[in-house]
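Contents: one structure, followed by commentary.
The values are calculated or read from the model by the stated rules, or taken from the named source; none is laboratory data. Keep in mind it's a predicted model, so treat the numbers as computed, not measured. Because the Cβ atoms are built from the backbone with ideal geometry, glycine has one as well, and the counts that use them run over all protein chains shown. To get the accessible areas, we keep the full protein, side chains included, count just its heavy atoms, and leave off ligands, DNA and RNA. Shrake-Rupley method; radii C 1.70, N 1.55, O 1.52, S 1.80 Å.
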Amino acid sequence: MKILVENSTWNNIGDGFYQSTLFALFKQLYPNDEVYMGEGPFKRAFRPRSKKHLAKAYRLMDDQHADLHIFSGPIVKKLIENYGEKIKQIVARGDRYVLISVSSAHISDQATLATGAFLEQYPPLLMATRDEETFNRFKPFNINLYNGICTAFLVNRMLPVLEFTPQQPFFISSFYNELEPVYQVEGDVTIENIKLQRKTSLFGLKHRYSRHLNAWRPQQACLGDHRIIRVHQDLSTHFYHVKFSHPNSFMSFNPLSYLSIYKSADFTISDRVHSCAVSVAFGKPARLLTDSPRAGIFDRLGYQRDHKGIIRPIDPVIIDKEIERLSDAIKQVI
């Protein structure tokens, strides 16, 4: 059997966390089969604004064929737009596809009905969600639905991530929807003790503009005895004055390098869901500063978030059991 696991549509490196883990899971489940990394929709990955640019792109995905295709991520909202033609092609060829670790965050009721009807007409072997809101939305449809988890939580089980001993202890700071807070602390540097002076934007400007002024804000290389490592998960090589506005800024084209930092940090403070997800997956606490529907991945696994947004690791046995259940659900249909 030939299996293609989508692993390319990285709007940011967080997509690489759950897609790379999913690839590793299928390699483990099907060691005697051909398991490859497949290309995803050009439109999803690069979001070209011009129809001319979209028309001129070579869509490798259209030429890649397998017995089984695996698609993942927060893709349900635009599933028909980005994946519809490919899914029709797969079904027409007599091949099959699976949706795993998927979310419908921010989808409208109208789009839910249209997408549900599409999935009934072109059914996946399995649709494994990553949050219960998505699961409940699509329960009324005739789809083989599984109440799954985000595979980003499996990074410590599935991927070869190096843990290192830093010269100086550090914590991770990663922000993209608001400016980084000014950090203050009295006593030991712990996730509980740190106080944040948050600032969404400057001079009333939208964040997309005010972030360009970030270099003129306070420059904190350290807090107490801890370094502050700024993890930038946007892979774009534009706007270095934004990405390297503060000391200890980090970027890489290798998701394992990011994961190595998360595994070796003391804790994470971020408004990125997957920054906090991989942090707790490595047994480190995280403070999530967003109420995005995508944060439902934590609720699904029973993570508790306190009034400060602090999320603490759960018993690893829970993750092991979820891996076993997800693996069984996959093997039952393939």
Problem - segment 5-44 - residue that is touching a residue at least 40 places away in the same chain (Cβ under 8 Å) and of a type in the set (V, I, T) and, of those, farthest from S257 (Cα to Cα) - result: V5
Exercise for the section: Say whether the condition of being within 26 Å of D291 (Cβ to Cβ), surrounded by 14 or more Cβ atoms within 10 Å (Cβ to Cβ), in contact with a helix residue (DSSP H, G or I) (Cβ under 7 Å, 6 or more places away or on another chain) and of a type in the set (K, R) is met by at least one residue in segment 211-219. Expected result: yes
Completion exercise
The condition from (1) basic (K, R); (2) within 16 Å of the chain's Cα centre (by Cα); (3) crowded, with 21+ Cβ neighbours inside 10 Å that K284 misses is numbered (2)
Fill in the blank from the handout: V155 vs (1) over 20 Å from N254 (Cα atoms); (2) buried (at least 21 other Cβ atoms within 10 Å of the Cβ): all pass except (1)
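Can you give me the number of residues within segment 160-175 that are closer than 24 Å to A24 by Cβ and either open to solvent by 30 Å² or more (accessible area, probe 1.4 Å) or part of a helix (DSSP H, G or I) (or both)? Outline the logic, then answer.
Of the residues in segment 160-175, the ones closer than 24 Å to A24 by Cβ are 160-164, 172, 174.
Retained after the next criterion (residues that are either open to solvent by 30 Å² or more (accessible area, probe 1.4 Å) or part of a helix (DSSP H, G or I) (or both)): 160, 162-164.
The total comes to 4.
Among the residues of segment 83-126, which ones are of a type in the set (A, V, I, L, M) and either in a helix (DSSP H, G or I) or more than 22 Å from G16 (Cβ to Cβ) (or both)?
Listed by number, the residues that qualify are I87, I90, V91, A92, I107, A111, L113, A114, A117, L119, L125, L126.
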Problem - Residue identified as at positive phi, of a type outside the set (G, A, S), free of Cβ contacts under 8 Å to residues at least 40 places away in the same chain and open to solvent by 10 Å² or more (accessible area, probe 1.4 Å) among R47, R93 - result: R47
Practice task
Write out, first by first residue and then by second, each pair whose Cβ atoms fall under 8 Å of each other, whose residues are 6+ apart or on separate chains, and whose first residue, in segment 301-323, is farther than 22 Å from T21 by Cα and in a loop (DSSP other than H, G, I, E, B) while the second is of a type in the set (D, E, K, R) and open to solvent by 60 Å² or more (accessible area, probe 1.4 Å).
Solution key: Q304/R312; K308/E192
Fill in the blank from the handout: Flagged in segment 227-258 as open to solvent by 40 Å² or more (accessible area, probe 1.4 Å), of a type in the set (F, W, Y) and outside any strand (DSSP E or B), in numbering order, are F239, Y240, F244, F253
Practice task
Show the residue pairs that are 6+ apart or on different chains and have beta-carbon atoms under 7 Å apart, the first residue being within segment 129-153 and without any contact (Cβ under 8 Å) to a residue 12 or more places away in the chain, the second being buried (at least 16 other Cβ atoms within 10 Å of the Cβ).
Solution key: K139/L145
